[in-house]
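Colleague: Sharing a structure, written as structure tokens. Questions coming.
The values are calculated or read from the model by the stated rules, or taken from the named source; none is laboratory data. All values reported here derive from a predicted model rather than from experimental measurement. Glycine gets a Cβ as well: all are built from the backbone with ideal geometry, and neighbour counts include every protein chain shown.
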Ligand SMILES: Nc1nc2c(ncn2[C@@H]2O[C@H](COP(=O)(O)OP(=O)(O)OP(=O)(O)O)[C@@H](O)[C@H]2O)c(=O)[nH]1
Ligand SMILES: [Mg+2]
């Protein structure tokens, strides 16, 4: 326990936890109106949606605290005393093994606009991590290997990622949990949820396109969560924008300070190597003959080595030398605190396809990416080093193993040790659950492991108990919040094409919608309930039709419905019955038989909200 005195010697309690995060507990007089001032201090900190002030126990980054306190003088006079530490049950533990395992975990998501090369980079990180020996490609031809993380048949056929993938591997003593996300907007639901499970993000840019539309949206999510972000400018094997210009564009567009961590080296306008500014080393790569399937031969030399000019060639050396002088003179100095607070990003250059620059990136990444930090729960902050297990479900995936029709719930561990047989509380249902051995994933492949630690993303085989957003906690009923839910925006009737496969069709629809990307509703008709699927993005219908056919052998057709505005409706039964019958409204039931109205247009929705005062309307299921 450390305490920090503000200028007028009023104390703020700081609990030191690994990885440079602090838990700050501030106490004020209840009626003094101090909470507003304190919220000023904390609302833009990472606190997972909890307001700061009297009720929350926000955590802030160490160096930020003094800066923020200094900027908000009214707080100093209002803070009266230091109070308790975080809830005892989830305070920082002393188990040395646990602390060590937490310290060597890195859990990160790769994000970008579609096609920037996330899956390709993922594959190459696996190659350098030793998890695979031959890298596959996103658009593999017959008889060649596919990228590991695009494991779904649809992904392999179309060469795009449809769902996020979980991959674990070791590199230089660190245990990495990598989350490859789909870039397409129609799958953003999955991407946003996956980001909640990550501690840092790698943002990929195409060297010709720089910051694109989806990059901006995903960056905003990371920024709101104050996640440290690494930037990798990919596809440098092709001619692209000038690196300095790219960096300036990123700064101007995203409002984040860039630090060039590696710098591309060109010889006769061909990308031949990178200079690592942190360790002063030049890495020169030799193009392989197998299109990047295996590691690239690399020659490494100190920038001050007398032979450097010979290695680079005079012209490339002169160009690099000039660029370095410019960076040193006009660029920003590295500020690790700003990086950890998500305000500065190290920028790397490379080509995932040809493996150039991948290893220098990975080496710096494991050293600088933060290990798991504390997370806010309904019962205060949970430290990763707390000995009691906690975790939350952020993803459900059906049929990863088509033969066994399994259902995997992906859990991000937040604290404690997960071991087979562990009894936890399934907080939503308040029922105890005994956990089987944790499953580690390399996309589709999985292995049972004896134990798993904070930061790890593990799979739990589940028959339907677990839902996205559920918390599992040992000896506690705390809950983690912050997993976003999105109302569907597109609706279509699902029409089975093979009457004899109706049962499989119903099962498939139910199981696939449990994954969360789409929801199934039912409309009443004389012939029985008609299934209607609601999805956040149009492409979800293609995915669902494809999966119903390949995974359940239940072909179907989706017939679009023009209405786009769903609202769950609650209230006295008679009022609900009256409300569902108005013009421009379609009555649906969700899978739990809750009433939903699908409004024809925004006007019909507004009219109902203004006039149907006896019922309540909800954007997501109540
Ligand atoms: N020239 C070049 N092409 C690359 C490089 N990295 C990836 N590509 C190509 O870019 C295309 C898209 O790559 P992916 O890895 O599927 O991109 P992604 O970001 O995972 O795409 P989504 O998941 O669909 O958003 C593929 O054709 C890759 O071969 C690179 O370094 N250089
Ligand atoms: Mg991909």
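Colleague: Regarding residue 206, is this residue surrounded by fewer than 24 Cβ atoms within 10 Å (Cβ to Cβ), at pLDDT 95 or above and farther than 23 Å from residue 294 by Cβ? Before you say what the answer is, go through the steps one by one.
Modeller: On the way: surrounded by fewer than 24 Cβ atoms within 10 Å (Cβ to Cβ): yes; at pLDDT 95 or above: yes; farther than 23 Å from residue 294 by Cβ: yes.
The answer is yes for residue 206.
Colleague: Take the residues in region 218-234 that are within 17 Å of residue 363 (Cβ to Cβ) and under 14 Å from the mean Cα position of the chain (by Cα), then tell me which one is modelled with the lowest pLDDT.
Modeller: 228
Colleague: Could you count how many residues in region 172-201 are farther than 20 Å from residue 131 by Cα and assigned to a strand (DSSP E or B)?
Modeller: Keep residues of region 172-201 that are farther than 20 Å from residue 131 by Cα, which gives 182-201.
With the extra rule that they be assigned to a strand (DSSP E or B), the set shrinks to 200-201.
Count: 2.
Colleague: Just to be sure, is residue 278 closer than 30 Å to residue 312 by Cα, in a loop (DSSP other than H, G, I, E, B) and either away from ligand 1 (no atom under 14 Å from the Cβ) or within 26 Å of the chain's Cα centre (by Cα) (or both)? Explain how you work it out, then say what you get.
Modeller: Numbers: closer than 30 Å to residue 312 by Cα: yes; in a loop (DSSP other than H, G, I, E, B): yes; either away from ligand 1 (no atom under 14 Å from the Cβ) or within 26 Å of the chain's Cα centre (by Cα) (or both): yes.
Criteria met by residue 278.
Colleague: Among the candidates 530, 561, single out the residue that is under 26 Å from residue 467 (Cα atoms) and at pLDDT 90 or above. Walk me through it before giving the result.
Modeller: Numbers: 561 fails: under 26 Å from residue 467 (Cα atoms).
Answer to the selection: 530.
Colleague: Answer yes if at least one residue in region 170-191 is within 16 Å of ligand 1 (Cβ to nearest atom) and out of contact with any helix residue (DSSP H, G or I) (no Cβ under 8 Å at 6 or more places or on another chain), and no otherwise. Don't jump to the end; show me each part of the working.
Modeller: Start the filter on region 170-191 by keeping residues that are within 16 Å of ligand 1 (Cβ to nearest atom), which leaves 178-191.
Those left that are additionally out of contact with any helix residue (DSSP H, G or I) (no Cβ under 8 Å at 6 or more places or on another chain): 189-190.
Yes, because at least one residue in region 170-191 is within 16 Å of ligand 1 (Cβ to nearest atom) and out of contact with any helix residue (DSSP H, G or I) (no Cβ under 8 Å at 6 or more places or on another chain).
Colleague: Out of all the residues in region 132-169, which are closer than 23 Å to residue 395 by Cα and away from ligand 2 (no atom under 14 Å from the Cβ)?
Modeller: Scanning region 132-169 gives 153, 168, 169.
Colleague: State the number of residues belonging to region 458-482 that are part of a loop (DSSP other than H, G, I, E, B) and under 20 Å from the mean Cα position of the chain (by Cα).
Modeller: Narrowing region 458-482 to residues part of a loop (DSSP other than H, G, I, E, B): 462-470, 474-479, 481-482.
Those left that are additionally under 20 Å from the mean Cα position of the chain (by Cα): 466-470, 479, 481-482.
The total comes to 8.
Colleague: What do you reckon, is residue 166 outside the structural domain of residue 512 (by TED's automatic domain parsing), in contact with a helix residue (DSSP H, G or I) (Cβ under 8 Å, 6 or more places away or on another chain) and not in a helix (DSSP H, G or I)? Even if it seems obvious, please write down each step before you answer.
Modeller: Details: outside the structural domain of residue 512 (by TED's automatic domain parsing): yes; in contact with a helix residue (DSSP H, G or I) (Cβ under 8 Å, 6 or more places away or on another chain): no; not in a helix (DSSP H, G or I): yes.
In short, no.
Colleague: Follow-up question, since we're still on this one. I'd like the residue in region 343-352 that is within 9 Å of ligand 1 (Cβ to nearest atom) and touching a helix residue (DSSP H, G or I) at 6+ places or on another chain (Cβ under 6 Å) and, out of all such residues, is nearest to residue 327 (Cα to Cα). Full working, then the answer.
Modeller: First, the residues of region 343-352 that are within 9 Å of ligand 1 (Cβ to nearest atom): 350-352.
Restricting the remaining residues to those that are touching a helix residue (DSSP H, G or I) at 6+ places or on another chain (Cβ under 6 Å) gives 350, 352.
Values: 350: 18, 352: 24 Å.
That would be 350.
Colleague: Okay, next question. Residues of region 304-324 being out of contact with any helix residue (DSSP H, G or I) (no Cβ under 7 Å at 6 or more places or on another chain) and either within 25 Å of residue 235 (Cβ to Cβ) or assigned to a helix (DSSP H, G or I) (or both), which ones?
Modeller: From region 304-324, those out of contact with any helix residue (DSSP H, G or I) (no Cβ under 7 Å at 6 or more places or on another chain) are 304-307, 310-311, 313-316, 318-319, 321-324; that's our starting set.
The answer is 310, 311, 313, 314, 315, 316, 318, 319, 321, 322, 323, 324.
Colleague: Specify the residue that is modelled with the lowest pLDDT; the eligible residues are those in region 488-505 that are touching a strand residue (DSSP E or B) at 6+ places or on another chain (Cβ under 8 Å) and crowded, with 17+ Cβ neighbours inside 10 Å. Please lay out each step first, then the result.
Modeller: Going through region 488-505, the residues touching a strand residue (DSSP E or B) at 6+ places or on another chain (Cβ under 8 Å) turn out to be 488-497, 502, 505.
Right, trim to crowded, with 17+ Cβ neighbours inside 10 Å and you get 488, 490-492, 494, 496, 505.
Working: 488: 88, 490: 93, 491: 95, 492: 96, 494: 95, 496: 94, 505: 95.
It comes out as 488.
Colleague: Taking only region 531-558 into account, find how many residues are in a helix (DSSP H, G or I) and more than 22 Å from residue 587 (Cα to Cα).
Modeller: Start the filter on region 531-558 by keeping residues that are in a helix (DSSP H, G or I), which leaves 539-552.
Right, trim to more than 22 Å from residue 587 (Cα to Cα) and you get 539-540, 542-552.
Residues in region 531-558 being in a helix (DSSP H, G or I) and more than 22 Å from residue 587 (Cα to Cα): 13 in total.
Colleague: Also, I was wondering about something else. Given the condition away from ligand 1 (no atom under 14 Å from the Cβ) and touching a strand residue (DSSP E or B) at 6+ places or on another chain (Cβ under 7 Å), answer yes or no: does some residue in region 202-221 qualify? Spell out the reasoning first.
Modeller: Filtering region 202-221 down to residues away from ligand 1 (no atom under 14 Å from the Cβ) leaves 210-211, 216, 219-221.
Retained after the next criterion (residues that are touching a strand residue (DSSP E or B) at 6+ places or on another chain (Cβ under 7 Å)): 211, 219.
Yes, some residue in region 202-221 is away from ligand 1 (no atom under 14 Å from the Cβ) and touching a strand residue (DSSP E or B) at 6+ places or on another chain (Cβ under 7 Å).
Colleague: With away from ligand 2 (no atom under 16 Å from the Cβ), in contact with a helix residue (DSSP H, G or I) (Cβ under 7 Å, 6 or more places away or on another chain) and assigned to a helix (DSSP H, G or I) as the only criterion, which of 362, 327 stands out?
Modeller: Numbers: 327 fails: in contact with a helix residue (DSSP H, G or I) (Cβ under 7 Å, 6 or more places away or on another chain).
Exactly one residue qualifies, and that residue is 362.
Colleague: Name every residue in region 533-558 that is at pLDDT below 90 and surrounded by fewer than 19 Cβ atoms within 10 Å (Cβ to Cβ), in order of residue number.
Modeller: If we filter region 533-558 for residues that are at pLDDT below 90, which is where we start, we get 536-538.
Of everything in region 533-558, just one residue is at pLDDT below 90 and surrounded by fewer than 19 Cβ atoms within 10 Å (Cβ to Cβ), namely 538.
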